[in-house]
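Engineer: Mind having a look at this structure? Questions to follow.
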Amino acid sequence: MIRYFLLVLLVTQLLACSSVGSIKSDATITQSLLNTEKVLAIKHWQLLGRLSVRNHRESWLTKLEWKHDALADDLTLSTSLGGVVARLVYSNAGIAMSDAKGVMQRISDEDLQSSLGYLPPWAHLKYWVRGIPSPKAQLLMSEEQEAGVILFNQDGWDVRLGDFEKVGGIALPSKIYLSKEGLKIKLVVDEWLV
């Protein structure tokens, strides 16, 4: 909690150095950072959206349903017609992935990276999609902030959070962009359920 307080204090001080017009246009960012406690207090949430992943050789687009609770994160990837492509469940106990028949089996990080072509930043994703930096890694705020957008880097991932909307009195992003070493991930959230 102290880390988030310091983050909010730092951002507030940085915004105070800006012009008054810039402070007004960055209200969404400030509001999101000041609502960090509220965001962290959400123990159960769900999002429905579209996920795009691109690297140097290929790209793919899928629908995403993500259910989060205190014990695990359950992600279902499906086609535009609704056919399930994969289901991933991750928790402190590890990662499980469904096979073509829907049978869940434990999978190592190496196997997942081999299947996907990259290793998702599991420890941070559940924070980033809710519009806040992860408390599990050093935070480097970008010096090139834009109105209504939060830009930062954690664990080598460039993170861009934008198009914040009020959901249950809390500002949550509807567009999340991640990039690292030629890999680009874009998540567009169509619906938040909190």
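No lab work stands behind these numbers, since they all come straight from the coordinates. This is a predicted model, so every value here is computed, not measured. All Cβ positions, even for glycine, are placed from backbone atoms using ideal geometry, and neighbour counts span all protein chains on display.
Engineer: Which lysines, if any, have their Cα less than 26 Å from the Cα of Lys175, not counting same-chain residues under 8 positions apart?
Structural biologist: Qualifying lysines at Cα under 26 Å: Lys24, Lys38, Lys43, Lys63, Lys67, Lys126, Lys136, Lys166, Lys184, Lys186.
Engineer: Turning to a different aspect of this structure: So for segment 60-106, Kirkwood radius off the Cα pairs, Stokes-Einstein at 10 °C and 1.306 mPa s: how many µm² s⁻¹?
Structural biologist: Numbers: Rh = 11.1 Å.
Estimated via Stokes-Einstein, D reaches 143 µm²/s.
Engineer: Where q = 0.16, 0.23 Å⁻¹, what log10 of I(q)/I(0) comes from the Debye formula for segment 62-181, counting one point per Cα?
Structural biologist: -0.89, -1.44
Engineer: Per the Kirkwood formula on distinct C-alpha pairs, the Rh of segment 118-170 is how many angstrom?
Structural biologist: One decimal place: 11.9 Å for the Kirkwood radius.
Engineer: log10 I(q)/I(0), Debye, Cα-only segment 89-156, no solvent, q = 0.27 Å⁻¹?
Structural biologist: -1.23
Engineer: Residue by residue through segment 86-92, which ³J(HN,Hα) values in whole Hz follow from phi under the Karplus form 6.51 cos²θ - 1.76 cosθ + 1.60 (θ = phi - 60°), with glycine and proline marked x?
Structural biologist: Values per residue, Gly and Pro as x: 7, 10, 10, 10, 10, 8, 5 Hz.
Engineer: Please work out the FRET efficiency for the pair Gln138 and Arg57, using the Cβ-Cβ distance as r and a Förster radius of 30 Å; give the result to the nearest 0.05.
Structural biologist: Once the sixth-power term is evaluated, E becomes 0.45.
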